[in-house]
Amino acid sequence: MTDTDQAATGRRDRKKRQTRAALTAAALRLVAERGLEHVTVEEISEAADVSSRTFFNYFTCKDEALTDDPALDGTPVVARLATAPQEVPALQAVRLALDEAVDTMQVDRELWRLRLAVIAQNPALLPRLMAGNIETERAMIAAIAVRLGVDPDHGHPALVTAVAGATFRTAMLRWAAGDDSRPLRDFVDEAFAAVAAGLPDPPHPS
């Protein structure tokens, strides 16, 4: 591929990312304003200045535009998990594998705050958000089992995966609702450290 071809491909990919982001932002904003049942694909497309046909090049339905995000792609997380130093405990290895997703979400903080608010207002979206994680969780269980030298059916890899997922979601919700001065990384590190320490109770207020 020539330099000119590479530049053209880069421009096309950048344009696709921008269009997808515009559709997601429009969908979230309109649903936050009007409610899930009062927003159509046509209105989302118009707000993003594209056609409905273009919308369906990126998403299969309105709900997918609200819940899907590149930061939720588990492929890089599983790949990083597989290459984490062997001496690192499994839970900490998962934490390290989440670094890229944490940084991506931090950049898009306002979008994520809006997304989580929309999901809170429309609980029917939650199963779709969670369903996208099933394959990632299976792959993480397999990767952790390899790290530990146990069978994937052993309970520990599944437990680590479930605990890590709950820990990350808790940190993400606190970050989205909290003050702007603290980055997501702080909340994630704090939550994983608490779990690794055995979840000691916080000091009782005096």
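Taking the stretch 109-145 as the region of interest, how many residues are open to solvent by less than 60 Å² (accessible area, probe 1.4 Å), of a type outside the set (A, V, I, L, M) and under 16 Å from Ala177 (Cα atoms)?
Count: 3.
What's the total number of residues in the stretch 171-206 that are open to solvent by less than 80 Å² (accessible area, probe 1.4 Å) and in a loop (DSSP other than H, G, I, E, B)?
Total meeting the criteria: 5.
Give all pairs with beta carbons closer than 8 Å in which a residue from the stretch 102-127 that is in contact (Cβ under 8 Å) with a residue 24 or more places away in the chain and under 21 Å from Ala191 (Cα atoms) meets a residue that is among the aromatic types (Phe, Trp, Tyr) and part of a helix (DSSP H, G or I); count only pairs at least 6 apart in sequence or on separate chains.
Met105/Trp112; Arg109/Trp175
Which of the residues that make up the stretch 97-108 are open to solvent by less than 40 Å² (accessible area, probe 1.4 Å) and over 12 Å from the mean Cα position of the chain (by Cα)?
Within the stretch 97-108, just Ala97 meets the criteria.
Got at least one residue in the stretch 146-163 being more than 23 Å from the chain's Cα centre (by Cα), charged (D, E, K, R) and open to solvent by less than 80 Å² (accessible area, probe 1.4 Å)?
Yes - at least one qualifying residue is present in the stretch 146-163.
How do the pairs read when you match residues in the stretch 89-101 that are farther than 15 Å from Arg169 by Cα with residues anywhere that are outside any helix (DSSP H, G or I) and of a type in the set (Asp, Glu), using Cβ under 9 Å and keeping only pairs 6 or more apart or on different chains?
From residues that are farther than 15 Å from Arg169 by Cα, there are no pairs.
Inspect the stretch 64-74 for any residue being open to solvent by 20 Å² or more (accessible area, probe 1.4 Å) and either small (Gly, Ala, Ser) or over 23 Å from Arg109 (Cβ atoms) (or both) and give the result as yes or no.
Scanning the stretch 64-74, I find no residue that is open to solvent by 20 Å² or more (accessible area, probe 1.4 Å) and either small (Gly, Ala, Ser) or over 23 Å from Arg109 (Cβ atoms) (or both), so the answer is no.
The values are calculated or read from the model by the stated rules, or taken from the named source; none is laboratory data. Worth saying up front: this structure is predicted, and the values here are computed from it rather than measured. Please note: Cβ atoms are built from the backbone with ideal geometry, for glycine as well, and neighbour counts cover all protein chains shown. Heads up: the accessible areas ignore ligands, DNA and RNA and are worked out on the full protein's heavy atoms, side chains in. Shrake-Rupley method; radii C 1.70, N 1.55, O 1.52, S 1.80 Å.
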